[in-house]
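Q: Have a look at this one before I ask anything.
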Amino acid sequence: SGNVEEILAYDNDEEGNISITYLEYVPKSKVLSTIVKYINVYLIKNKGATIDFHIIKDIVVKHTETIETQIENTIPAPLYLGLAATMIGIIIGLFAVDFSVKGNDALDAIQPLINGVKWAMSASVIGLLITTVFSIKIYKDAQTEADEEKSGFLSMLQSELMPKMAK
């Protein structure tokens, strides 16, 4: 829950006490905690000046976009791990093949390669499935929830913070 609070603080530049409006918000995450911190820094450094909502919104957008980019960059990791496992499985299978065998036993000689390819392809499919679930379901649901929370947070700032700043 978020509240906009006023505190009395002593300002060395002026005689007496002044009122500083700041955002007191119980953060649900490290990102939100950072956003609130930077908004409060902006509010305190701009006390007495006109507060621009677009600057506050820009603080929120920049921090959320940074996290979204980090998440988007890690989503394909299971796919890459699956592909790496495929290569390792094929390499291990190739080293296990006995190339000196001739005739009818040749099929038995390449059996380790076939088994390695089976395991390798299974790893690729698992990596692909995990990446697909992450990108289509989990990330999209989290992004929708984050967008809703960001909109709610910005609306709270507009309805609670901005009117107090106008005073």
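Per-residue answers, yes or no, for (1) within 19 Å of residue 164 (Cα to Cα); (2) charged (D, E, K, R); (3) in contact with a Gly (Cβ under 6 Å, 6 or more places away or on another chain):
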{"residue": "40", "(1), (2), (3)": "yes, no, no"}
{"residue": "44", "(1), (2), (3)": "yes, no, no"}
{"residue": "55", "(1), (2), (3)": "yes, no, no"}
{"residue": "67", "(1), (2), (3)": "no, no, no"}
{"residue": "72", "(1), (2), (3)": "no, yes, no"}
{"residue": "77", "(1), (2), (3)": "no, no, no"}
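Q: Consider residue 154 carefully, then state whether it is part of a helix (DSSP H, G or I), modelled with pLDDT under 90 and open to solvent by 70 Å² or more (accessible area, probe 1.4 Å).
A: On the way: part of a helix (DSSP H, G or I): yes; modelled with pLDDT under 90: yes; open to solvent by 70 Å² or more (accessible area, probe 1.4 Å): no.
No, not satisfied.
Q: Among the residues that make up region 5-17, is at least one of them open to solvent by less than 60 Å² (accessible area, probe 1.4 Å) and either within 18 Å of residue 151 (Cα to Cα) or at pLDDT 55 or above (or both)?
A: Looking for residues that are open to solvent by less than 60 Å² (accessible area, probe 1.4 Å) and either within 18 Å of residue 151 (Cα to Cα) or at pLDDT 55 or above (or both), one finds none in region 5-17, hence no.
Q: Could you tell me how many of the residues in region 62-85 are surrounded by 14 or more Cβ atoms within 10 Å (Cβ to Cβ) and farther than 30 Å from residue 33 by Cβ?
A: The total comes to 6.
Q: When the residues of region 92-113 are filtered to those that are in contact (Cβ under 8 Å) with a residue 12 or more places away in the chain and hydrophobic (A, V, I, L, M, F, W, C), which remaining residue is farthest from residue 151 (Cα to Cα)?
A: 109
Q: Working only within region 157-167, note down all residues that are touching a helix residue (DSSP H, G or I) at 6+ places or on another chain (Cβ under 7 Å) and open to solvent by 50 Å² or more (accessible area, probe 1.4 Å). Step through it out loud before you land on a result.
A: Here is the first cut: in region 157-167, the residues touching a helix residue (DSSP H, G or I) at 6+ places or on another chain (Cβ under 7 Å) are 157-158, 162.
The answer is 158, and nothing else.
Q: Given the criteria among the charged types (D, E, K, R) and either open to solvent by less than 50 Å² (accessible area, probe 1.4 Å) or touching a residue at least 12 places away in the same chain (Cβ under 8 Å) (or both), does residue 145 qualify?
A: Working: among the charged types (D, E, K, R): yes; either open to solvent by less than 50 Å² (accessible area, probe 1.4 Å) or touching a residue at least 12 places away in the same chain (Cβ under 8 Å) (or both): no.
Spelling it out, it is not the case that residue 145 is among the charged types (D, E, K, R) and either open to solvent by less than 50 Å² (accessible area, probe 1.4 Å) or touching a residue at least 12 places away in the same chain (Cβ under 8 Å) (or both).
Q: May I pose another question? So residue 88 fits all but one of (1) over 26 Å from the mean Cα position of the chain (by Cα); (2) open to solvent by less than 80 Å² (accessible area, probe 1.4 Å); what number is the exception?
A: Residue 88 satisfies all of (1) over 26 Å from the mean Cα position of the chain (by Cα); (2) open to solvent by less than 80 Å² (accessible area, probe 1.4 Å) except (2).
Q: Separate question: Being among the aliphatic types (A, V, I, L, M), in a helix (DSSP H, G or I), at pLDDT below 85 and exposed (fewer than 13 other Cβ atoms within 10 Å of the Cβ) narrows it down to one of 107, 113, so name that one. Break it down stepwise before answering.
A: On the way: 113 fails: exposed (fewer than 13 other Cβ atoms within 10 Å of the Cβ).
None of the other options fit; the residue is 107.
The values are calculated or read from the model by the stated rules, or taken from the named source; none is laboratory data. None of the values given here were measured: they were computed from a predicted structure. All Cβ positions, even for glycine, are placed from backbone atoms using ideal geometry, and neighbour counts span all protein chains on display. Remember, those area values only see protein heavy atoms, side chains included, never the ligands or the DNA or RNA. Shrake-Rupley method; radii C 1.70, N 1.55, O 1.52, S 1.80 Å.
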